[in-house]
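Have a look at the structure below before the remarks.
The values are calculated or read from the model by the stated rules, or taken from the named source; none is laboratory data. Not measured: the values here are computed from a predicted model. Don't worry about glycine lacking a Cβ; one is built from the backbone with ideal geometry, like all the others, and counts go over all protein chains shown. Side chains are part of the model used for accessible areas, which takes the heavy atoms of the whole protein and leaves out ligands, DNA and RNA. Shrake-Rupley method; radii C 1.70, N 1.55, O 1.52, S 1.80 Å.
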Amino acid sequence: MSEKEDLVKQKAAAAAKAKAVALARKQAKGEAAEKPEGETDIAKQKAAAAAKAKAAAMARKKTKAESAEKPEGETDIAKQKAAAAAKAKAAAMARKKAKAESAEKPEGETDIAKQKAAAAAKAKAAALARKKESRDKDNDDDFENAKAKAIAAAKAKAAAAAKTRITVKESTEDNTPDEPSPNQAKLDRIVHAIERHVGQEALIDHYINRLSKDVPTLVANPDTYFSIAKFLRNDEQLNFSYLSELHGTDFESHMEIYVHLHSFNMNQSVALKVKLDRDSPIIPSLVPLWSGANWPECEAYDLLGINFQEHPDLKRILLGDDWKGYPLRKDYQPYDVEV
């Protein structure tokens, strides 16, 4: 078949379609003219509804066909895009509606709405601030209460400890035995020997030290200190040949030397003490009697400034020769500018 014949057929088909459409319009117009106005409107509405339903069915069919042709991922993306487009359209409509309502309202009503919104925001902010302030105050109150409780607990603990000490002290005093110490006879023997060989006034005091294993304690006169020590060292019966300890102490009102001696003959220890003038603490050295007194006397000289006469080599052994002051004295200033 030639191209010319195809064109003729197409024109004939188009003319037939046009004629059929014209006849259909004419028929519809005639029927509309014959029908009342209400029936004509109903027919139009039905025709329009049928057309819309047909178009919607065609669209659904097309969408379903496209969805069947597309992979699952593309279908989800299409759904997401459609949902996003719907949300955007709804938001735009809401903004448009709000804008229209605002435009319709008088200026005074718009200002009132703004003022109400601002007042609501301020009220919300104030409520949040009050809530925060109340919470902070509660925290501060909790901290203060905890602090007060800790202080009260510490005071109660200190009071209980003090009460315990007092009770123990009273109990100790009440339970102090009236019978003499087992070392009392030895102390009497030593004191009697000293008074007979050194002099009646050689000792200032003598006693049993209950807090130090009942050790007999002799308090010497500074003038008779060396004589008493020499007697204790050289007497054949007493023979305190071992010096185990020597140290000095600052009592602020005076200085004190404490010497601890031991006699293997008597199987007994004795303490020899002497009080010194704090402004001029001078006492004879015991190195000629016990060589073990050498370094302890140097230490007392170094830290307290006690001068031991006739010491073979009295010097500072802990601090430098240019050190100013004596660190174990109660009035020593550790940050003195001269130090």
Arranged from highest to lowest average of other beta-carbon atoms within 10 Å per residue, in what order do the peptides 202-215, 269-282 appear? 269-282, 202-215
Counting only residues 5 or more places away or on other chains, whose amide H sits under 5 Å from the amide H of H247 once H atoms are built in the peptide plane? Y258
What number comes out for accessible area per residue over segment 222-339 if the probe is 1.4 Å? Units Å², please. 55 Å²
If you plug each phi of segment 197-202 into the Karplus form 6.51 cos²θ - 1.76 cosθ + 1.60 with θ = phi - 60°, what whole-Hz ³J(HN,Hα) values come out, in order, with x for Gly and Pro? 9, 9, x, 5, 9, 5
At a 1.4 Å probe radius, carbon and sulfur cover how many percent of the accessible area of segment 233-339? 45 percent
Which entries of K99/K131; K9/K52; K29/K52; K52/K89 have Cα-Cα distances beyond 25 Å here? K99/K131; K9/K52
Span from the segment 195-248 Cα centroid across to the segment 114-161 one, whole angstrom: 69 Å
The long-range amide H neighbours of V215, using H built 1.01 Å from N in the peptide plane and a cut-off of under 5 Å, are N209
What pairs in K275/K330; K186/K213; K61/K96; K230/K275 have C-alpha atoms more than 22 Å from each other? K61/K96
With every protein chain present, what is the per residue accessible area of segment 122-166 (1.4 Å probe, Å²)? 90 Å²
Can you list the lysines whose alpha carbon is less than 17 Å from that of K11, not counting same-chain residues fewer than 8 positions off? K19
